Amino acid sequence: MEWSSIRSVLSILQWWGFNVTVIIMNKWIFQKLDFKFPLSVSCIHFICSAFGAYMVIKVLRLKPLVIVDPEDVWRRVFPMSFIFCINIVLGNVSLRYIPVSFMQTIKSFTPATTVILQWLVWRKYFDWRIWASLIPIVGGILVTSVTELSFNVLGFCAALFGCIATSTKTILAESLLHGYKFDSINTVYYMAPFATMILAIPALILEGAGVLEWITTCPTLLHSLIIIISSGIMAFCLNFSIFYVIHSTTAVTFNVAGNLKVAVAVTFSWLIFRNPISLMNAIGCTITLVGCTFYGYVRQLISQAGSPRTPRSPQTRSDIIPLVKEKLDTKVASN
């Protein structure tokens, strides 16, 4: 096995570990600690991520800083930060209202939203077998949603729109980050402060009073704060691992690997929170996971055989946002 393949597997495994840990800790914060403020939890996560990236790059100097032109920061990094922020907030909002098992099953819809977005926005060609493989994914989620004993409309919508945000973030990462050779830690270094800035004011306005009340009434304040801050530290590790996986694999591999962790997350959530799961609910979740596996298999077959592409593909040069320097060079050449 080549080192690139080993690195991809290791990156996926570490991402699984951090992802499941953060999900369980966040659900514990909302349910057991009664800290029901998803915007504030997300803001704490971004602050910890920004501080962690600063320590790694500026203090410990474990990674060199990638210098980005100020104009490119706003044209390229800020849009990714905004989508990144929306994705995290929607995930925490869904955890606030629905069980981990249900949320993770809905998140399995991400490969479908990735395909649909690429087809609608970039007119990317997809083999009919790809569309066929999405049927069990969608069908399984429908069965799970209809039979979910703890169904909540707000939590369901948050998780569903979170799928769209995840797909958008993954698809745009290659285009928006093109040219600077970002590593995972530099990505977090630039995005986390923007995400904190975007989220701080809404969190303060909508949840500030509730957080102050929680602080004054919490019987185990120190213990609870340690858990909340620890979840932020784990979120930094998760954010690091997410972009490491994106850089080490492809968008499709990233999304399919994300669905394989559903079984682990569902198992751990049931063992810890004992949320009720009906037989049809379990069947729906199983159908979704089987569909995700079949989807990955089909993608592998098509990749090996080779498939045609339309001129409008997100991998073409015309779809990649030019760097400031490239834009200036183009103007000089045209003159």
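The values are calculated or read from the model by the stated rules, or taken from the named source; none is laboratory data. Values in this document were obtained by computation on a predicted structure and should not be read as measured data. Methodologically, a virtual Cβ is constructed for each residue, glycine included, from the backbone with ideal geometry; neighbour enumeration extends over all protein chains shown.
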**Study point:** Subset of region 65-117 (residues that are of a type in the set (D, E, K, R) and out of contact with any Phe, Trp or Tyr (no Cβ under 7 Å at 6 or more places or on another chain))
**Key:** D69, E71, D72, R75, R76, K107
Exercise for review: Those residues that are in contact with a Phe, Trp or Tyr (Cβ under 8 Å, 6 or more places away or on another chain) and farther than 17 Å from S42 by Cα, I need them from region 187-213; list them, please.
Suggested key: T187
Check your understanding: Where residues in region 10-43 are over 17 Å from the mean Cα position of the chain (by Cα) and not aromatic (F, W, Y), which of them is modelled with the lowest pLDDT?
Key -> L10
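Take residues that are closer than 27 Å to E207 by Cβ and among the hydrophobic types (A, V, I, L, M, F, W, C) and tell me which of the helices (runs of 4 or more DSSP H) falling wholly in region 60-124 contain 3 or more.
Values: elements: 78-97, 100-107, 110-121.
Output list reads 78-97, 100-107.
For S108, state whether it is surrounded by 18 or more Cβ atoms within 10 Å (Cβ to Cβ), more than 17 Å from H45 (Cβ to Cβ), within 16 Å of the chain's Cα centre (by Cα) and touching a residue at least 24 places away in the same chain (Cβ under 8 Å).
Numbers: surrounded by 18 or more Cβ atoms within 10 Å (Cβ to Cβ): yes; more than 17 Å from H45 (Cβ to Cβ): yes; within 16 Å of the chain's Cα centre (by Cα): yes; touching a residue at least 24 places away in the same chain (Cβ under 8 Å): yes.
The answer is yes for S108.
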Exercise for review: Give just the number: which of (1) outside any helix (DSSP H, G or I); (2) touching a Leu at 6+ places or on another chain (Cβ under 9 Å) does F46 not satisfy?
Suggested key: (1)
Exercise for review: Filter region 56-84 for residues that are within 23 Å of G162 (Cβ to Cβ) and either surrounded by fewer than 19 Cβ atoms within 10 Å (Cβ to Cβ) or in contact with a Cys (Cβ under 7 Å, 6 or more places away or on another chain) (or both) and give the result.
Suggested key: F78, P79, F82
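Looking at region 125-134, which of the residues that are part of a helix (DSSP H, G or I) and not hydroxyl-bearing (S, T, Y) is surrounded by the fewest Cβ atoms within 10 Å (Cβ to Cβ)? Even if it seems obvious, please write down each step before you answer.
Let us first name the residues in region 125-134 that are part of a helix (DSSP H, G or I), namely 128-134.
Retained after the next criterion (residues that are not hydroxyl-bearing (S, T, Y)): 128-132, 134.
Numbers: W128: 8, R129: 15, I130: 19, W131: 14, A132: 12, L134: 21.
Looking at residues that are part of a helix (DSSP H, G or I) and not hydroxyl-bearing (S, T, Y), I get W128.
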Review point. Conditions: (1) within 21 Å of F268 (Cα to Cα); (2) of a type in the set (F, W, Y); (3) surrounded by fewer than 18 Cβ atoms within 10 Å (Cβ to Cβ). W119 meets all but one. Number of the miss?
Key: (1)
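Inspect region 165-174 for any residue being of a type in the set (D, E) and touching a helix residue (DSSP H, G or I) at 6+ places or on another chain (Cβ under 7 Å) and give the result as yes or no. Spell out how you get there, then give the answer.
Pass one, region 165-174, residues of a type in the set (D, E): 174.
From the residues that got through so far, the ones that are touching a helix residue (DSSP H, G or I) at 6+ places or on another chain (Cβ under 7 Å) too are none.
The answer is no; no qualifying residue exists.
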Exercise for review: Tell me, please, whether a residue that is under 30 Å from V138 (Cβ atoms) and either within 14 Å of the chain's Cα centre (by Cα) or at pLDDT 90 or above (or both) can be found in region 61-80.
Suggested key: yes
Review point. Within region 150-163, is there a residue that is of a type in the set (V, I, T) and either in contact with a Pro (Cβ under 7 Å, 6 or more places away or on another chain) or buried (at least 18 other Cβ atoms within 10 Å of the Cβ) (or both)?
Key: no
